[in-house]
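The values are calculated or read from the model by the stated rules, or taken from the named source; none is laboratory data. Treat the numbers as computed from the prediction; the structure is a model and nothing was measured. Cβ: placed from backbone, ideal geometry, glycine included. Neighbour counts: every protein chain shown. Heads up: the accessible areas ignore ligands, DNA and RNA and are worked out on the full protein's heavy atoms, side chains in. Shrake-Rupley method; radii C 1.70, N 1.55, O 1.52, S 1.80 Å.
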Amino acid sequence: MKVLKFGGTSVANAENISKVISILEREAKKNKIAVVVSALGGTTDLLIEAGELATKKNNDYLKVFQHISKRHQEAVQQLIKGPKKRTVLRQIDGKLEALKQILQGVYLINEFSDKTRDKIVSFGELLSSYIISEALQQTVKKSALKDSREIIVTDSAHTNANVKSKETTTAISKFFKSNKDKIVVLPGFVSRDKEGNTTTLGRGGSDYTAALIAAAVKASVLEIWTDVSGMYTANPKLVKQAFSIAQISYQEAMELSHFGAKVLYPPTVQPALQKNIPIYIKNTFDPEAEGTLITKKSKSKNGPVKGISHIENIALLTLEGNGMIGVPGFSKRLFSALSRSKINVVLITQASSEHSICVGVYSNDAKMAKAVVDKEFAYEISLKKIKPLLVEAGLAVIAVVGDNMKSHQGISGRMFRSLGQNNVNVRAIAQGASERNISAVIAHKDIKKALVTLHNTFFEKQIKTLNLFIVGVGNVGAILLNQIKQQQAYLNENLLLNIKVVGISNSKKMIFNENGIDLTTWSEKIKKGKPRTHQTFFKVVKDFNLSNSIFIDVTANEDVAKTYRDYLKESISVIACNKIACSSKYSDYLELKELSRKYNASFLFETNVGAGLPVIYTLNNLINSGDKITSIQAVLSGSLNFIFNNFNEKTSFYDVVKQAQEEGYTEPDPRIDLSGVDVARKILILAREAGFKIDLKHITNDSFLPKDSLKAKSVADFYKTLKTYASHFEAIYASAKENDCQLKYVAEFNNGKAKVGLKEVNSTHPFYNLQGKDNIVLFYTTRYPEQPLIIKGAGAGAEVTASGLFADIITLGRN
Ligand code: ADP
Ligand code: ASP
Ligand code: MG
């Protein structure tokens, strides 16, 4: 004999019930079966809501009642054919009328005791089992309905009754021995006490009903049919990458369900385990899917961790005080006080100093727990031996489970490292003596991030997902998005990196998509995006709370640079093309570096110097490996190089600058390039990265511009001065020509001092042949004293700048 249980979603409406019936028709050809059914999905909640409204004398309870009635009547209308329909409808109406009368009673006497609550909620399963059995009889003649209350006996602990095993087993086996039907349909969840009052087995208890029947009749298998294809590695509704576990042990299943895997009601496993009955978890909506098999053995291809589960709405209670040390009986008194008030303890930790005990309970028990514990220890509290119970709410428990964890080292290390790396603060830790689970208490807001992170660590170690938030989608930003689009598949395949752009913003609008923005249509979508400010953008990124989040600044905006610290403090890495942050006050630069260390978030800015050239990367490697920089000689301005390479007798200085701007080689405001400020910022950043404390004001800047150009109030005025002072620029050119020299705008750093300025370099100098918009950097170090380490190549342009940013993203992904 087999026992099948169908949950609320599986029987939520006529359409789903039809699916259940076809599964049963198929099964009935092979086996005798007992079918346990839940209430039509959501009915139990509605029944409780109706009862609660009625006690509050709120007439809306009638609306809820009407809604319940309508759902059941509709199911009958659609499922039952022919003249039988009227009979079934009449029966249903009779049951609904009885329910209505009880609700009216609650309304009148203003009382909703647990006993009444059980009576009311039992209607859910009683109605559903009746409808399903009637529908089934249309095709499977030898099928019948049996009221579980006649065979499941409990104590009188209403809403969560304890089963009397002996009486129950006897009653069940007696019934099935004499029963000759092919299929018996039974309501789950409901039972009775010795006095014959209706009791229930706790929320989700239909699974347990099925297990009790399976154990009593020694069924060949217990099948739990639900809305997912098995027990997953984590709740599939929260973790997209979760997958169904093919086989799992009773203990593992129990542990996962105890820690919140709702797919199986925790007490369900025990009866099956005792009789060694295999449990299958199957999907009503995908009957062919393999599902999960639960037996004595644990088999896994995925290593020692089998699954990750979590419980929401947890409060942490801490009992603390010097008076507890070495005094026996404190914990006993604490647990007795909680147990007397039926407060369920979810998790326990105790510091080895015995100076505090910490327990996790459900949030809705916290208030009561505080009252009873403070009362229990009133005397010690008055003597200040211990402190009043400390309650922290808004928490959750997350547990990593697996039978074989005890024989593997380093699991807790990996668990806490990955939580830590993603800024999930762990408030308390517990590990069962069986070492079958490690659990941690975390903030409620971090649940999803923690689940995804841990799932990634234990089940998807191959692929790492980076969540990008990109601000600034002008020239460079747009090219970066295009480069990412083209490389996504390659990076997934070759570097096991999943690069997902979750947020994009321009100066006015922003768009987000947690599953990744479509990189072919983003430019259309952003036009209809939400208005943005720096703060609203930051808030959305923060609220997403995704692991491996990266904020990418592709602007030249000072206000954006000011937000980096907010991101770093949330452990969100920052990649900046914008130079402002690194070249502002030394203390600001230092703060960002420190925040990056403290919050374990990277701060990368390779494109600040030499666009995509690996200048900072090389410098960092020199310093990290113990080398010392003695001097840096560099041409760092692609734009000035372009200008002086193209400026000659035939072209005016004005025209060359105009052309450079039009081709995108200068900053939006060309004064930043021509005044030397941009170059000064770059050498400043290199000097700082080389380990020197230096500010922009310490850099000597001998400008080649006439004073009036430097004083120009606007870009237009600035251009005018280039025309007015044409002869000034011609003279600079003529002098260089006469000396057989090239004009190069050179940045130098020697012995802690930096300067920038225009220089005439002769043909023996490495800068002499520098072409177009190329940059060059010479590092003289302790290890490269005479022949410098040279980096040379295109130092400006959108394509190379975007690829420099992309390189930073990849570096970060490989960390
Ligand atoms: P039923 O109504 O069939 O009893 P439940 O809602 O009680 O169904 O349980 C199924 C749900 O359990 C799934 O839809 C899923 O959201 C949730 N769940 C939580 N953790 C897990 C897990 N590890 N594996 C599968 N489902 C899980
Ligand atoms: N209907 C009950 C509940 O919703 C029992 C069950 O579905 O297992 O809790
Ligand atoms: Mg359930």
inquiry  = For the condition assigned to a helix (DSSP H, G or I) and surrounded by 17 or more Cβ atoms within 10 Å (Cβ to Cβ), what is the one hit in Ile685, Ile694?
reply    = Ile685
task = Determine if region 361-382 includes at least one residue that is in contact (Cβ under 8 Å) with a residue 60 or more places away in the chain and either surrounded by fewer than 16 Cβ atoms within 10 Å (Cβ to Cβ) or not hydrophobic (A, V, I, L, M, F, W, C) (or both).
result = no
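Residue-by-condition table, conditions (1) under 44 Å from the mean Cα position of the chain (by Cα); (2) within 16 Å of ligand 3 (Cβ to nearest atom); (3) surrounded by fewer than 21 Cβ atoms within 10 Å (Cβ to Cβ); (4) not in a helix (DSSP H, G or I):
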site	(1), (2), (3), (4)
Asn58	yes, no, yes, yes
His67	yes, no, yes, no
Arg71	yes, no, yes, no
Ala75	yes, no, no, no
Lys85	no, no, yes, no
Asp93	no, no, yes, no
Leu103	yes, no, no, no
Glu111	yes, no, yes, yes
request  = For region 737-776, name all the residues that are buried (at least 17 other Cβ atoms within 10 Å of the Cβ) and within 18 Å of Leu789 (Cβ to Cβ).
outcome  = Val746, Ala747, Glu748, Phe749, Phe767, Leu770, Asp774, Asn775, Ile776
inquiry  = Can you tell me how many residues within region 270-291 are within 13 Å of ligand 1 (Cβ to nearest atom) and either in the same structural domain as Ala12 (by TED's automatic domain parsing) or open to solvent by less than 50 Å² (accessible area, probe 1.4 Å) (or both)?
reply    = 6
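So which residues in region 459-472 are modelled with pLDDT under 95 and either over 22 Å from Phe416 (Cβ atoms) or crowded, with 17+ Cβ neighbours inside 10 Å (or both)?
Those that are modelled with pLDDT under 95 and either over 22 Å from Phe416 (Cβ atoms) or crowded, with 17+ Cβ neighbours inside 10 Å (or both): Phe459, Glu460, Lys464, Thr465.
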ask   = So which residues in region 226-254 are outside any loop (DSSP other than H, G, I, E, B), open to solvent by 10 Å² or more (accessible area, probe 1.4 Å), closer than 21 Å to Arg203 by Cβ and within 11 Å of ligand 1 (Cβ to nearest atom), if there are any at all?
value = Thr226, Tyr232
key: Within region 210-225, considering residues that are of a type in the set (Gly, Ala, Ser) and open to solvent by less than 30 Å² (accessible area, probe 1.4 Å), the one farthest from ligand 1 (Cβ to nearest atom)   = Ala216
ask   = If you check every pair at least six apart or on different chains, which have Cβ atoms under 7 Å apart with a residue in region 255-269 that is within 12 Å of ligand 1 (Cβ to nearest atom) first and a residue that is in a helix (DSSP H, G or I) and open to solvent by less than 10 Å² (accessible area, probe 1.4 Å) second?
value = Leu264/Asp207; Leu264/Ala253; Leu264/Ser257; Tyr265/Asp207; Tyr265/Ser257; Pro266/Ser257; Thr268/Asp207; Thr268/Ala211
request  = Of all residues in region 9-47, count the ones that are among the small types (Gly, Ala, Ser) and free of Cβ contacts under 8 Å to residues at least 60 places away in the same chain.
outcome  = 4
ask   = Does Val20 satisfy the criteria of being assigned by TED's automatic domain parsing to the domain that holds Val217 and assigned to a strand (DSSP E or B)?
value = no
